[in-house]
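The structure under discussion appears below in the form of structure tokens.
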Ligand code: A2P
């Protein structure tokens, strides 16, 4: 079950991926996901799990000689500050981001961390580090994203031009963005040097955060929406509306939430450290939610604000 990327003919993205974020053991989770049947792994520089993700893919392929690199889809993302500079925090947790109090304290964090790496040479260097961290078995990345819009308009374009070079060299098959608004997308493609427009926008998306206008805009533009935190990080699985729908279909609440996402035509990247739940989260085919149940879940929108709204996208301009 894969979707074509309308803006990059020939590249397909598996509809169900696995998020290698905040795993207790990223290597074990990534390998477990591949063994369970996932063929799409989502990592990022800031998750500090690129080495573990690459290693899991290489070892999985070595153990399964009937499969090859082209059977696995790997996504990673460029963080807005250069995490390889001296004094950078060694883990996601130690960076204190996102700020636990939701106060926007990332600005202080960013100032402490140093300048943006959304420049053309730094984006190339950052991409190259991402690829190298995945190890010698991973010769290219399938999809590489600018992780968020924060550094500002000029920086977004500059970084994009670097990624376009990597794509032209065959080191990455498709490019995209994450946490971008309609305005950010429009501004980027308005620059005549942008010849390979974003193929995906990875955003927070689940029944309690539907971002309908943005999703609709992306669909119109042929930009595939990838839903992160499709299970709302496990925080709303007791919601009586989804509990009732799950009972009706004899499915788990997580499965109903993920199926609702799929039937909303987005790619999903649920996270789990547990092999049983990993299997459950990809057992989503051969059944359908009826329109009336889709509607009920549509009605849950609004409880959680998208992080793209919480982060001030122009803070560095
Ligand atoms: P765990 O890793 O222990 O399975 P999201 O993908 O939205 O970030 O959600 C991930 C959270 O949801 C994690 O806390 C994960 O816990 C939990 N989770 C993942 N799959 C399921 C499932 N099938 N049922 C219940 N909780 C799940």
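The values are calculated or read from the model by the stated rules, or taken from the named source; none is laboratory data. Keep in mind the model is a prediction, meaning the values are calculated, not measured. When we count neighbours, we look across all protein chains shown, and the Cβ atoms used for this are built from the backbone with ideal geometry, even at glycine.
Inspect the range 54-68 for any residue being within 18 Å of the chain's Cα centre (by Cα) and farther than 18 Å from residue 132 by Cβ and give the result as yes or no.
No, the range 54-68 contains no residue that is within 18 Å of the chain's Cα centre (by Cα) and farther than 18 Å from residue 132 by Cβ.
What is the number of the single condition among (1) more than 10 Å from the ligand (Cβ to nearest atom); (2) under 18 Å from residue 306 (Cβ atoms) that residue 228 does not meet?
With (1) more than 10 Å from the ligand (Cβ to nearest atom); (2) under 18 Å from residue 306 (Cβ atoms) applied to residue 228, the lone miss is (1).
Restricting attention to the range 21-32, and to residues there that are within 18 Å of the chain's Cα centre (by Cα) and within 11 Å of the ligand (Cβ to nearest atom), which single residue is modelled with the lowest pLDDT?
22
Kindly evaluate residue 241 against the criterion of being surrounded by 22 or more Cβ atoms within 10 Å (Cβ to Cβ), touching a helix residue (DSSP H, G or I) at 6+ places or on another chain (Cβ under 9 Å) and either on the phi > 0 side of the Ramachandran plot or assigned to a helix (DSSP H, G or I) (or both).
Spelling it out, it is not the case that residue 241 is surrounded by 22 or more Cβ atoms within 10 Å (Cβ to Cβ), touching a helix residue (DSSP H, G or I) at 6+ places or on another chain (Cβ under 9 Å) and either on the phi > 0 side of the Ramachandran plot or assigned to a helix (DSSP H, G or I) (or both).
Answer yes if at least one residue in the range 1-10 is under 16 Å from residue 258 (Cβ atoms), part of a strand (DSSP E or B) and within 12 Å of the ligand (Cβ to nearest atom), and no otherwise.
The answer is no, given that none of the residues of the range 1-10 is under 16 Å from residue 258 (Cβ atoms), part of a strand (DSSP E or B) and within 12 Å of the ligand (Cβ to nearest atom).
Can you give me the number of residues within the range 36-76 that are outside any helix (DSSP H, G or I) and under 23 Å from residue 176 (Cα atoms)?
14
Run residue 219 past the list (1) part of a helix (DSSP H, G or I); (2) modelled with pLDDT of 95 or more; (3) within 11 Å of the ligand (Cβ to nearest atom) and report the number of the one that doesn't hold.
Checking residue 219 against (1) part of a helix (DSSP H, G or I); (2) modelled with pLDDT of 95 or more; (3) within 11 Å of the ligand (Cβ to nearest atom), the one that fails is (3).
Would you check if residue 33 is more than 28 Å from residue 120 (Cα to Cα), in a helix (DSSP H, G or I) and touching a residue at least 40 places away in the same chain (Cβ under 8 Å)?
On the way: more than 28 Å from residue 120 (Cα to Cα): yes; in a helix (DSSP H, G or I): yes; touching a residue at least 40 places away in the same chain (Cβ under 8 Å): yes.
Yes, satisfied.
Counting only residues that are out of contact with any strand residue (DSSP E or B) (no Cβ under 9 Å at 6 or more places or on another chain) and within 13 Å of the ligand (Cβ to nearest atom), how many does the range 275-293 have?
Residues meeting the conditions: 6.
Quick check on the range 174-209: of everything there that is at pLDDT below 95 and assigned to a loop (DSSP other than H, G, I, E, B), which residue is farthest from the chain's Cα centre (by Cα)?
Filtering the range 174-209 for residues that are at pLDDT below 95 and assigned to a loop (DSSP other than H, G, I, E, B), the one farthest from the chain's Cα centre (by Cα) comes out as 181.
Quick test of your reading of the structure: residue 99 fulfils all but one of (1) in contact with a helix residue (DSSP H, G or I) (Cβ under 6 Å, 6 or more places away or on another chain); (2) at pLDDT below 95; (3) crowded, with 17+ Cβ neighbours inside 10 Å. Name the failing condition by number.
With respect to (1) in contact with a helix residue (DSSP H, G or I) (Cβ under 6 Å, 6 or more places away or on another chain); (2) at pLDDT below 95; (3) crowded, with 17+ Cβ neighbours inside 10 Å, residue 99 is out only on (3).
Residues 272, 264: which one is near the ligand (Cβ under 9 Å from one of its atoms) and touching a strand residue (DSSP E or B) at 6+ places or on another chain (Cβ under 9 Å)?
Exactly one residue qualifies, and that residue is 272.
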